[in-house]
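The values are calculated or read from the model by the stated rules, or taken from the named source; none is laboratory data. Predicted model, so just to flag it, every value in this text is computed and none were measured. Cβ: placed from backbone, ideal geometry, glycine included. Neighbour counts: every protein chain shown.
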Amino acid sequence: MILEVVKYGHPALRQKGLRVEKITPDIQTLVGDMFETMQAAKGVGLAAPQVGRALQLTVLDVRGVTERPSTLQLDGQDADVLAFMPVVLINPEVKGLGEELAGSEGCLSFPEIYAEITRPSLAEVRATNLHGEKIEFRCGGLLARAVQHELDHLNGVLFIDRMTRADKDELKVQLDELRSATKAALKAKK
């Protein structure tokens, strides 16, 4: 089922996700719905807070993006990113490594808004997968950027919080319009 992706201005985006203590049928259904939602929106990552669920859960799939390659290491060995996708990260711990690089980012909660965001070029990830197994990997390229972007969502941090002041000023009108439209839609639902 395709879920509603909440937009900028929705309070769920600023909530820190709660730890997932048990992988229940509800969590399994949510993950399936999140993948379906992400694919329908042509995204590479989607965090539970973006669908109004304050949980430490995100889904990622970078297979469709060829112009921004990703790297992956499992157990210290280079691995096939495509074979690893799609991936579910439950209660992820992410450590940014490597040089800081600027790169274009967008967000499904901010339609048609993009900016250059500076993040570490590599990420070391520890999480639980949907089968309850511990997974650990190191990644680079788009996957590292996406993992860090989604981790921010799990902590109530948005990519606009990482924008330069100049970019934020340039996008002010669009951001204000999006926030106002979201708040109006929430008010209309009450």
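Couple of notes before you dig in:
- A single member of 62, 88 is at pLDDT 95 or above, out of contact with any Phe, Trp or Tyr (no Cβ under 8 Å at 6 or more places or on another chain) and either part of a loop (DSSP other than H, G, I, E, B) or of a type in the set (Asp, Glu) (or both), and it is 62.
- Of all residues making up the range 155-190, the number that are in a helix (DSSP H, G or I) and not charged (D, E, K, R): 14
- Restricting attention to the range 1-33, the residues that are part of a helix (DSSP H, G or I), hydrophobic (A, V, I, L, M, F, W, C) and over 26 Å from residue 190 (Cβ atoms) add up to 2.
- Comparison of 99, 112, 124 shows that the only residue that is farther than 22 Å from residue 37 by Cβ, out of contact with any helix residue (DSSP H, G or I) (no Cβ under 7 Å at 6 or more places or on another chain) and surrounded by fewer than 16 Cβ atoms within 10 Å (Cβ to Cβ) is 99.
- Scanning the range 91-123 for residues that are part of a strand (DSSP E or B), hydroxyl-bearing (Ser, Thr, Tyr) and closer than 18 Å to residue 158 by Cα yields 104, 114, 118.
- Selection count where residues are surrounded by fewer than 20 Cβ atoms within 10 Å (Cβ to Cβ) and touching a residue at least 40 places away in the same chain (Cβ under 8 Å), scope the range 12-26: 7
- Residue 152 being part of a helix (DSSP H, G or I), free of Cβ contacts under 8 Å to residues at least 24 places away in the same chain and exposed (fewer than 13 other Cβ atoms within 10 Å of the Cβ): no
- Any hit, the range 124-137, residues being free of Cβ contacts under 8 Å to residues at least 24 places away in the same chain, over 21 Å from residue 31 (Cα atoms) and assigned to a strand (DSSP E or B): no
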